[in-house]
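Asker: Let me begin by handing over the structure; questions about it come next.
The values are calculated or read from the model by the stated rules, or taken from the named source; none is laboratory data. As the structure is a prediction and not an experimental result, all values here were calculated from the model. Here the Cβ positions follow ideal geometry from the backbone for every residue, glycine too, while neighbour counts run over all protein chains shown. Side chains included, ligands, DNA and RNA excluded: accessible areas come from the protein's heavy atoms. Shrake-Rupley method; radii C 1.70, N 1.55, O 1.52, S 1.80 Å.
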Amino acid sequence: MARDQYTFIDPTQLYADFEPKKQHQPEPGLDAELTPKADLGEESYRGSGRLTGRKALITGADSGIGAATAIAFAREGADVAMSYLPDEEVDAKRIAGIVQDAGVTVITLPGDLRDPEYCRDLVAGTVEGLGGIDILVNNAGKQVYNEDLTTLDDEQFDDTFKTNVYAMFWITKAALPHMKAGSAIINTTSVQAYKPSEILVDYASTKATINAFTKALAQQLAPKGIRVNAVAPGPIWTPLQVTDGQPPEKIAEFGEQTPLGRAGQPAELAPAYVFLASAESSYVLGETLNVNGGTPTP
Ligand code: NAD
Ligand code: MG
């Protein structure tokens with residue numbers, strides 16, 4: 001029998017043959033160009049109706065963690081609206097095809113999240129195309145390393161905050177009037193929120209902000225029956241890392257410093273998003289679910 005996410009397996013041995021070499025792509029990067037290929041759960045994620053009939057908007061749904069989440073949501077029965085950059089059409093088409101194969105509705109809404117107008121149109125397009133929205137996954141992100149703050153240009157600092165923080169604010173603000181009690185918002189933070197690298201000052205700061213945003217908003221929306229939570233990935237094999245998310249010479253040892261001793265795959269993140277999206281987590285609010293290979297967090 002083929003492996004799925006329920007197969008009993010030693011997590012240290014899962015992906016034991018994964019050995020990335022030094023590589024680099026220009027931003028935003030493509031899953032199609034990653035070697036080895038990331039596991040998005042294409043062959044392994046098995047749905048069981050946990051999100052039947054839900055309508056989900058996922059940003060950065062073309063690749064990496066967002067793509068694995070889109071596949072999982074679709075196989076759990078949710079319709080999916082995908083946001084991504086126009087340059088990522090190749091990845092987005094492939095994921096949209098896999099989502100469609102699950103028998104749900106998929107719509108693709110490319111654009112640039114640094115533009116508040118696009119963020120608002122994205123929500124409007126989702127509501128129009130899917131007939132509503134009851135799951136919002138703010139997942140898109142920008143991470144470009146910088147070794148010396150005096151050379152961190154204003155534009156990068158601004159772009160990183162626009163993509164990671166402002167877009168989350170703009171989209172959430174636009175989506176809330178459409179979200180009924182029972183809806184769920186899931187933000188993507190990072191282990192960088194607690195254990196910031198010296199070369200990710202701007203990025204790590206956005207991730208700490210996302211944690212605080214999540215915990216504050218969760219309290220505000222609790223009485224309305226809308227739950228807000230976050231997922232905090234550790235080192236996960238995605239295009240984000242090879243587009244100067246870190247120095248190319250670090251790629252070969254990516255993830256080895258975790259207690260599990262290896263990088264994670266996007267497929268290992270998707271179940272966390274499914275849990276926080278579904279009513280199974282009805283009493284879980286303002287939580288940050290760490291999926292990081294064992295690195296201790298506060
Ligand atoms: P990824 O490159 O596959 O996904 C990031 C996506 O963000 C891109 O596919 C792109 O569609 C989107 N994006 C970036 N800038 C955009 C813009 N201006 N407009 C519209 N879309 C834009 O990489 P990923 O690792 O799956 O990233 C998903 C999330 O996970 C990010 O928030 C990232 O910070 C977070 N994360 C990743 C890791 C990791 O090790 N990969 C660790 C912790 C947190
Ligand atoms: Mg991408």
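Asker: Please state the shape class of segment 1-72: rounded when a/c is under 1.5, otherwise prolate if a/b exceeds b/c and oblate if not, all from the C-alpha gyration tensor.
Answerer: oblate
Asker: Roll a 1.4 angstrom probe over the protein heavy atoms and tell me the percent of accessible area of the chain that is carbon or sulfur.
Answerer: Carbon and sulfur atoms account for 54 percent of the accessible area of the chain.
Asker: Of Pro110, Pro177, Asn146, which is farthest towards the positive pole of segment 47-291's charge dipole, taken about the Cα centre with +1 and -1 on the beta-carbons of Lys, Arg and Asp, Glu respectively?
Answerer: Pro177
Asker: Using the charge dipole of the chain (Lys, Arg: +1 at Cβ; Asp, Glu: -1 at Cβ; taken about the Cα centre), state which of Ser83, Val165, Asn290 has its Cα farthest towards the positive end.
Answerer: Asn290
Asker: For segment 174-233 and segment 266-298, write down the distance between their C-alpha centroids in whole Å.
Answerer: 12 Å
Asker: Tell me the mean residue ellipticity at 222 nm calculated for the chain from its helices only (DSSP H runs of n ≥ 4, each -39500 (n - 2.57), averaged over every residue, nearest 500).
Answerer: Result for the chain: -9000 deg cm²/dmol, rounded to the nearest 500.
Asker: Please go through segment 230-298 and write out the chymotrypsin sites (Phe, Trp or Tyr not before Pro) that DSSP classes as loop and that have at most 16 other C-beta atoms within 10 Å.
Answerer: Tyr283
Asker: Can you compute 3J(HN,Hα) from phi for each residue in segment 55-61, using the Karplus curve 6.51 cos²θ - 1.76 cosθ + 1.60 with θ = phi - 60°, rounded to whole Hz and x for Gly and Pro?
Answerer: After applying 6.51 cos²θ - 1.76 cosθ + 1.60, I find 10, 10, 10, 10, 8, x, 7 Hz.
Asker: Note down the nm distance, to one decimal, between modelled labels 7 Å out along Cα→Cβ at Thr35 and at Gln257.
Answerer: Label-label distance for Thr35 and Gln257, simple model: 2.7 nm.
Asker: If you take the beta carbon distance between Asp121 and Gln219 as r and set R0 to 30 Å, what does 1/(1 + (r/R0)^6) give as a FRET efficiency, to the nearest 0.05?
Answerer: Between Asp121 and Gln219 the formula returns 0.55.
Asker: What is the dipole size for segment 47-291, taken about its Cα centre, with +1 at each Lys and Arg Cβ and -1 at each Asp and Glu Cβ, in debye to the nearest 20?
Answerer: For segment 47-291, the charge dipole is close to 1300 debye.
Asker: Could you provide, to the nearest whole Å², the per residue accessible area of the chain with probe 1.4 Å?
Answerer: Ligands and nucleic acids excluded, the result is 44 Å² per residue.
Asker: Ile236's amide H: which non-local residues (gap 5+, or another chain) put their own amide H closer than 5 Å, with H modeled 1.01 Å from N in plane and none for Pro or chain starts?
Answerer: Answer set, sorted by chain and number: Gly264.
Asker: Using the Cα atoms as the points, what is the convex hull volume per residue of the chain in Å³?
Answerer: Taking only Cα atoms, the chain has a hull volume of 122 Å³ per residue.
Asker: Tabulate in residue order the Karplus-calculated ³J(HN,Hα) for segment 174-191, using 6.51 cos²θ - 1.76 cosθ + 1.60 with θ = phi - 60°, rounded to whole Hz; enter x for Gly and Pro.
Answerer: Calculated HN-Hα couplings, in order: 6, 7, 3, x, 9, 8, 8, 3, x, 6, 9, 10, 10, 9, 10, 9, 6, 4 Hz.
Asker: What does the charge count around Ala102 come to, taking other residues whose C-beta lies under 9 Å from its C-beta (Lys +1, Arg +1, Asp -1, Glu -1)?
Answerer: Charge balance near Ala102 sits at -1.
Asker: Given that compact globular proteins tend to follow 2.2 N^0.38 Å, what is the ratio of the alpha-carbon Rg of segment 139-298 to that value?
Answerer: For segment 139-298, the normalised Cα radius of gyration comes out at 1.06.
Asker: Taking Cα pairs under 8 Å and at least six residues apart, what relative contact order does the chain come out at, in percent?
Answerer: RCO, the chain: 21 percent.
Asker: Turning to a different aspect of this structure: Projected onto the charge dipole of segment 47-291 (+1 at Lys/Arg Cβ, -1 at Asp/Glu Cβ, origin at the Cα centre), which of Tyr194, Val99, Pro235 gives the Cα projection farthest towards the positive end?
Answerer: Among Tyr194, Val99, Pro235, the one farthest towards the positive end of the dipole of segment 47-291 is Val99.
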